[in-house]
Structure formats: C-alpha cells, structure tokens
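The values are calculated or read from the model by the stated rules, or taken from the named source; none is laboratory data. Note that the coordinates shown come from a computational prediction; the quantities given were computed from them, not determined experimentally. Heads up, the Cβs are rebuilt from the backbone with ideal geometry, glycines too, and the neighbour counts pull from every protein chain shown. Quick note on the areas: whole protein, heavy atoms, side chains included, nothing else; ligands and nucleic acids left out. Shrake-Rupley method; radii C 1.70, N 1.55, O 1.52, S 1.80 Å.
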Amino acid sequence: MKSSHRRNLPILEFYVFRKIFLPALVIAVVLLGALSLERVLRLVQLVTSNGLPAFEALRLIVYLIPHYHGLAIPAGFFFGTIIGIRSLHERSELVVMLTFGLSMARMIRPILVLAVALAAVMFYLTAFAQPHARYRYREQVKAVTSQNVFAGLQAGVFHQIGERIVIRADRIRPGGLT
C-alpha cells in the first residue's frame, strides 16, 4: 500500500501544478496583449505622423515585449496561484489531499517549483533581455522620428524643428534638399 501511495503523489503534485499554471498562463497572455495593444495605439500614431506605414509600429512593439513580460508574468503567477488554490478549496480537494496524508509542504512544492522557474525567467528578462530590447526600441523610435524631419519642407517657408531650431530652404530638389 505504501508504494502505491508514493507513486500517486507526483500525480497530485502535477494536478496542483496544472491548477495553478493554466490560469497563470492565461492571465499573463491576456495582460501581455492588453499592455501591448495600449502601446500599439500610441506607436501607430507616432509612426503614421512621421509618414511611415502603420506596420512599422508592430516592429517597434516587438522590442517592448520583454518589458511587458516582466509585468505580466508576476501578475499572472500571483492571480493564477490565487485562482488555483481557490478552485482546490471550493471543490474540497485540499481537504481530501490533507486527509490522504499529503502535507502542506508537499502541496505547495509545485507552486514553489513554478515560482523558482519564473524567478529564473524574470532574472533573464530583467538582467539581459529588457536592457537590450529597450536600447533597440529607443534606437528605432529615434530613427522613425528623425527619418522624416525634412519630408514636409516647402521652398521659401520657415519651418520650426524642435524648440530652438528654425530652418528655411531656398529650393528643394525632387530627390532631396538643396
């Protein structure tokens, strides 16, 4: 009897892991989508105001995904843990597990394993992926905003660029400025 008791414990741990991981994953994906959509709207406005196609905003949002993962993963894990434990409690599965002889330390082991794995992912995101992606994002935004600085120039008209720069072009060639 004791060998079958030990053999079933990993199944119970996997069950608890699944009860927490699936809601955490769904919440993290929904949060990632919501955060990305909010930024996409602002990036589309930025890109189209500079005369570029709106598709360029999607290229910029890719650089922000590590940052949004850094926000969505902890929130998803937190709410996934709450939802998973609550569903185990509502269906009296926690009582059954305790009656079966499963200790509290053994029941939270899958949660701790998931927490350690997510901590490793978060360390990678915050230490390596986010700084690199943020640098590339700012580089691309600068390229987008400075790419068409002279696109709307007209010959003989003063144009203000920034707060302290005013320029005037005597004539403009079809291929560029003169």
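What to note about this one:
- Meets criteria (touching a residue at least 40 places away in the same chain (Cβ under 8 Å), open to solvent by 50 Å² or more (accessible area, probe 1.4 Å), within 30 Å of Arg138 (Cα to Cα) and over 27 Å from the mean Cα position of the chain (by Cα)) for Gly51: yes
- The condition of being farther than 30 Å from Leu102 by Cα, β-branched (Val, Ile, Thr) and either at pLDDT below 95 or part of a helix (DSSP H, G or I) (or both) holds for only one of Ile11, Ile61, that being Ile61.
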